[in-house]
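The values are calculated or read from the model by the stated rules, or taken from the named source; none is laboratory data. This structure is a prediction, so every number in the text was calculated from the model and none was measured. Please note: Cβ atoms are built from the backbone with ideal geometry, for glycine as well, and neighbour counts cover all protein chains shown. Surface areas here come from the heavy atoms of the whole protein model, side chains and all, with no ligands, DNA or RNA. Shrake-Rupley method; radii C 1.70, N 1.55, O 1.52, S 1.80 Å.
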Amino acid sequence: MGCSYSFNSSRPYENPNNARFHTDFTKPFHNLSINAAYLIRQNIILYAAATNLLGSDNVFGYEYAKNPDETGVYQRQEIGQCSKRFLFVGLFVTLTKNKQENQMDNL
């Protein structure tokens, strides 16, 4: 079993609506993840991992329109995660003639 927490402080980005360069900052990044592996048999491993358990709305930056709108403001769109959380479950099977063998000796 494993658990990890990642944190990154805010990063500056260029905002064309602000006359000053790199004075706007993204939100801090937070990610709490867990994982587990279970040896079912010598040649079968079950693995599961889940990321961003707290459901943080992480923003990596912003994409601005190429041209301003009628009020002179450049509209923006967040660049974020495709989904708030991610779950992976995998079953790893080593195929051998002897069903008790695995690849641990070769790692």
Mind telling me which of the residues 47, 38, 62, 74 ends up being in contact with a strand residue (DSSP E or B) (Cβ under 6 Å, 6 or more places away or on another chain) and free of Cβ contacts under 8 Å to residues at least 24 places away in the same chain? 38
Of everything in region 45-63, what is at pLDDT 95 or above and of a type in the set (Phe, Trp, Tyr)? Give them in sequence order. 47
Search region 19-30 for residues that are loosely packed, with under 11 Cβ neighbours inside 10 Å and pair each with any residue that is at pLDDT below 95 when their beta-carbon atoms are under 8 Å apart and the residues are at least 6 apart or on different chains. 21/14
Mind listing just one residue for me: the one in region 1-18 that is over 16 Å from residue 76 (Cβ atoms), in a loop (DSSP other than H, G, I, E, B) and without any contact (Cβ under 8 Å) to a residue 24 or more places away in the chain and, of those, most open to solvent (accessible area, probe 1.4 Å)? 9
Kindly indicate whether any position in region 62-78 is among the aliphatic types (A, V, I, L, M) and closer than 30 Å to residue 98 by Cα. no
Yes or no: region 36-57 includes at least one residue that is part of a strand (DSSP E or B) and among the acidic types (Asp, Glu). no
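Results for (1) under 16 Å from residue 13 (Cβ atoms); (2) surrounded by 13 or more Cβ atoms within 10 Å (Cβ to Cβ), shown as yes or no for each residue.
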residue	(1), (2)
37	no, yes
44	no, yes
50	no, yes
64	yes, yes
74	yes, yes
77	yes, no
82	no, no
92	no, yes
95	no, no
